[in-house]
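So the structure is just underneath, and the comments pick up after that.
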Amino acid sequence: MKEKMVLIGGGGHCHSVIDVVEQENRYEIIGIVDTKENIGKKVLDYEVIACDDDLETIFETCKNALITVGQIESNKTRVKIYNKLKEIGFNLPVIISPLAYVSKHSVIEEGTVIMHQALINANVKIGKNCIINTKALIEHDCIVEDNCHISTASVINGGVIVKENSFFGSNATSKQGIKIDGFIKVGSLVK
């Protein structure tokens with residue numbers, strides 16, 4: 001029998017994450033936590049069952065949670081939710097699409113989601129509460145610190161350190177061996 005999981009956040013990013021969770025086929029999604037006014041609405045086939053105020057109650061019957069709020073302008077919401085979930089005691093599993101490639105010589109920490117066709121090469125370390133989005137490439141010997149979003153079709157070349165709370169935009173490409181810190185806009189070349 002699959003373990004139960006609740007998703008936190010019912011927007012567009014949630015749609016993509018639902019697809020990954022379903023493909024991975026390890027967890028049963030019991031519902032979504034979103035704003036009070038969205039309770040009862042559906043996100044794809046899943047009902048919004050609660051708001052943030054109900055997390056302690058949900059924890060009584062479901063120990064796994066996954067943050068499905070996206071991160072573009074800021075990751076403050078994701079960090080706040082992460083801290084609250086940890087305080088309550090939730091387990092935040094690593095979710096990896098079966099359509100992604102993740103080297104067995106890499107380390108991925110709790111609450112991180114690896115989306116479809118992402119490629120994580122050898123000796124990569126990815127921190128907690130990260131989004132590694134569709135078709136992102138993270139080359140050998142990179143470190144992606146906590147609470148980062150590596151966007152769709154972006155390329156992080158070998159030996160790069162992505163500092164905590166950074167956003168690396170879609171189709172952005174980094175030179176090898178550098179440090180990335182902050183907000184990198186779509187299509188950037190980072191040297």
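The label point for Asp54 and the one for Lys2, both projected 7 Å from the Cα toward the Cβ, are 2.0 nm apart.
Label sites at Glu87 and Ile39, each approximated as a point 7 angstrom past Cα along Cα to Cβ, lie 2.0 nm apart.
Between Rg and the Kirkwood Rh of region 1-102, both from Cα atoms, what is the Rg to Rh ratio? Kindly include the intermediate steps, with their values, before the conclusion.
Values: Rg = 12.9 Å, Rh = 13.8 Å.
Value, to two decimals: 0.93.
Could you pull out which residues in region 77-111 have an amide N less than 20 Å from a spot 7 Å beyond the Cα of Gln117, following the Cα-Cβ vector? Backbone N within reach: 96-103. The heavy atoms of Lys76 offer some 150 square angstrom of accessible surface to a 1.4 angstrom probe. Rounded to the nearest whole Hz, the Karplus-based 3J(HN,Hα) values (6.51 cos²θ - 1.76 cosθ + 1.60, θ = phi - 60°) of region 9-19 follow the sequence x, x, x, x, 4, 4, 4, 5, 5, 3, 4, with x at glycine and proline.
With q set to 0.11, 0.12, 0.13 Å⁻¹, the log10 of I(q)/I(0) for the chain, from the Debye formula over equal scatterers at the Cα positions, is -0.46, -0.54, -0.63. Over all directions, the projected convex hull of the C-alpha atoms in region 77-138 averages 4.1 nm² in area.
How much net charge surrounds Ile95 when only other residues with a Cβ under 10 Å from its Cβ are counted (Lys, Arg +1; Asp, Glu -1)?
Values: positive: Arg26; negative: Glu24.
So the surrounding residues net to 0.
So for region 1-48, what are the equivalent ellipsoid semi-axes in whole Å, largest first, each being the square root of 5 times an eigenvalue of the Cα gyration tensor?
Working: eigenvalues 69, 27, 12 Å².
Values for region 1-48, descending: 19, 12, 8 Å.
Computed over the chain, relative contact order equals 13 percent, with contacts defined as Cα pairs under 8 Å that lie 6+ residues apart. Taking the centroid of alpha carbons for each part, region 83-102 and region 28-51 are 19 Å apart.
Ordered from largest to smallest accessible area (heavy atoms of protein chains, 1.4 Å probe), the residues Met1, Met115 come out as Met1, Met115. Whole-Hz Karplus values for region 83-99 come out as 4, 5, 4, 5, 4, 6, x, 4, 8, 10, x, 7, 10, 10, 4, x, 8 Hz, taken residue by residue from phi with 6.51 cos²θ - 1.76 cosθ + 1.60 and θ = phi - 60°; glycine and proline positions read x.
Rounded to the nearest 500, what is the 222 nm mean residue ellipticity of the chain from helices alone, with -39500 (n - 2.57) per DSSP H run of 4+ residues and division by all residues? Kindly include the intermediate steps, with their values, before the conclusion.
Values: 3 runs with 31 residues, N = 191.
The helix-only estimate for the chain comes to -5000 deg cm²/dmol at 222 nm.
Under 13 Å from the Cβ of Asn171, count the other residues' Cβ atoms, weight Lys and Arg +1, Asp and Glu -1, and hand me the total. Taking every other residue near Asn171 into account, the sum is +2. Across all directions, the average projected area of the convex hull around the alpha carbons of region 94-184 is 4.2 nm².
The values are calculated or read from the model by the stated rules, or taken from the named source; none is laboratory data. If you're wondering where the values come from, they're calculated on a predicted model, not measured in any experiment. Quick reminder, even Gly has a Cβ in these numbers, built from the backbone with ideal geometry, and neighbours come from all protein chains shown. Each accessible area value is taken on the protein alone, full model and side chains, heavy atoms only, with ligands, DNA and RNA left out. Shrake-Rupley method; radii C 1.70, N 1.55, O 1.52, S 1.80 Å.
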